[in-house]
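The values are calculated or read from the model by the stated rules, or taken from the named source; none is laboratory data. Note that the structure is predicted; figures quoted are calculated from it, not measured. Cβ atoms come from the backbone with ideal geometry, glycine included; neighbour counts cover every protein chain shown.
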Amino acid sequence: MEELKKIVSRIVAILLITFLPCAGLLLIYFYTAPKIAEYYDVKEKRAVLDIFRIPYRTLEKKFMGFQFKTYDKKDIQEVFLKNITIEEPRVSWELHTSGREADLEKSENSHGKKVFKYVKGGNLQGIGFVESKRGYGYNKSSTMSLFICLEPDLETLKGIEVLDHSETPGLGGRITEEQFKKQFIGKKVQPKIIMVKGRDAKGANEFDAITGATNTSKGIAAFINDAVQEFWEGQKEMTWQD
């Protein structure tokens, strides 16, 4: 009987040891998941507003003697809803057959993207979309996300904003710096964006590479070219030339 009690107590102890950490991790996940989702949602909306130069409220806060700037999340949401129109990808129905049976399955356009449009005074100011791709830049095992915005002609970049990346801080991580991002404003995406190294970028479709981060710079060029081409193919309004 004593032996049975020892076995049962050990089983209970093992179950508690494994259950409590798992329960803790689940609680942390359910607590943080909505906050993480809200963070990325606000980050995306802020990127869209920044590209279109639509102002929103910022706040000055102090912490332990340090002053820093933060953003009014509620105001960002309200300004975004007031100014930006979102068009979801078109949904199609595909026929799948299995033996003598057939069924319809709903699927999104393979190139369709959620499109952000800004209209001011009855005139379209630009069209943007978010793209996430794996295998670009120096860290090819990670995913990079950009908000890419085009002028109404769909041939000129209005700007780009880096939403997520895993590039090396101080090197490839400099893609988030304003000095790097602003050089894409007004650049032509047809036939393609080109990175230049060893000389100043002067062409209508050229940009300067980041010193010491050539692979990341090449990755950004390939990312933008592929993303814009897929976007145009999804719109089915233009034919790309190599």
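Yes or no: segment 118-134 includes at least one residue that is touching a strand residue (DSSP E or B) at 6+ places or on another chain (Cβ under 7 Å), at pLDDT below 80, surrounded by fewer than 17 Cβ atoms within 10 Å (Cβ to Cβ) and part of a strand (DSSP E or B). Within segment 118-134 (the criterion being touching a strand residue (DSSP E or B) at 6+ places or on another chain (Cβ under 7 Å), at pLDDT below 80, surrounded by fewer than 17 Cβ atoms within 10 Å (Cβ to Cβ) and part of a strand (DSSP E or B)), the answer is no, since none of the residues qualifies. For first residues located in segment 156-175 and more than 14 Å from Ser142 (Cα to Cα), partners that are hydroxyl-bearing (Ser, Thr, Tyr) and crowded, with 22+ Cβ neighbours inside 10 Å and lie 6+ apart or on another chain with Cβ distances below 8 Å form the pairs Leu171/Thr216; Ile175/Thr216. A Cβ distance below 6 Å, combined with a sequence gap of six or more or placement on separate chains, defines the contacts here; from segment 19-44, residues that are at pLDDT 75 or above reach residues that are surrounded by 10 or more Cβ atoms within 10 Å (Cβ to Cβ) and hydrophobic (A, V, I, L, M, F, W, C) in the pairs Val42/Ile76.
For segment 148-158, which residues satisfy the criterion of being surrounded by fewer than 22 Cβ atoms within 10 Å (Cβ to Cβ) and in a strand (DSSP E or B)? It would help to see each step written out before you state the result.
Taking segment 148-158 and keeping what is surrounded by fewer than 22 Cβ atoms within 10 Å (Cβ to Cβ), we get 150-156, 158.
Hits for segment 148-158 are Leu150, Thr156, Lys158.
Based on what the data block shows, is Glu161 in a loop (DSSP other than H, G, I, E, B), crowded, with 18+ Cβ neighbours inside 10 Å and touching a strand residue (DSSP E or B) at 6+ places or on another chain (Cβ under 9 Å)? Give the derivation first.
On the way: in a loop (DSSP other than H, G, I, E, B): no; crowded, with 18+ Cβ neighbours inside 10 Å: yes; touching a strand residue (DSSP E or B) at 6+ places or on another chain (Cβ under 9 Å): yes.
No.
Touching a residue at least 12 places away in the same chain (Cβ under 8 Å) and assigned to a helix (DSSP H, G or I): which single residue out of Lys192, Lys181 fits that description? Let's see the steps before the verdict.
Details: Lys192 fails: assigned to a helix (DSSP H, G or I).
Step by step, each of Lys192, Lys181 is checked, and only Lys181 is touching a residue at least 12 places away in the same chain (Cβ under 8 Å) and assigned to a helix (DSSP H, G or I).
The condition (being touching a strand residue (DSSP E or B) at 6+ places or on another chain (Cβ under 9 Å), free of Cβ contacts under 8 Å to residues at least 40 places away in the same chain, over 22 Å from Phe116 (Cα atoms) and crowded, with 18+ Cβ neighbours inside 10 Å) is satisfied by just one residue among Ala201, Ala209: Ala209. Identify, by number, the condition in (1) without any contact (Cβ under 8 Å) to a residue 60 or more places away in the chain; (2) farther than 18 Å from Ser145 by Cα that Glu233 doesn't meet. It fails just one condition, (1).
Which of the following residues is more than 16 Å from Phe129 (Cα to Cα) and among the acidic types (Asp, Glu): Glu151, Glu230, Glu177?
Working: Glu151 fails: more than 16 Å from Phe129 (Cα to Cα); Glu230 fails: more than 16 Å from Phe129 (Cα to Cα).
Exactly one residue qualifies, and that residue is Glu177.
Across segment 135-147, the qualifying residues are those that are touching a helix residue (DSSP H, G or I) at 6+ places or on another chain (Cβ under 7 Å) and not aliphatic (A, V, I, L, M), and the one among them that is surrounded by the fewest Cβ atoms within 10 Å (Cβ to Cβ) is Tyr138.
Give the residue, chosen from Tyr56, Tyr40, Tyr31, that is under 27 Å from Ser132 (Cβ atoms) and in contact with a helix residue (DSSP H, G or I) (Cβ under 6 Å, 6 or more places away or on another chain). Walk me through it before giving the result.
On the way: Tyr40 fails: in contact with a helix residue (DSSP H, G or I) (Cβ under 6 Å, 6 or more places away or on another chain); Tyr31 fails: in contact with a helix residue (DSSP H, G or I) (Cβ under 6 Å, 6 or more places away or on another chain).
So the residue among Tyr56, Tyr40, Tyr31 that is under 27 Å from Ser132 (Cβ atoms) and in contact with a helix residue (DSSP H, G or I) (Cβ under 6 Å, 6 or more places away or on another chain) is Tyr56.
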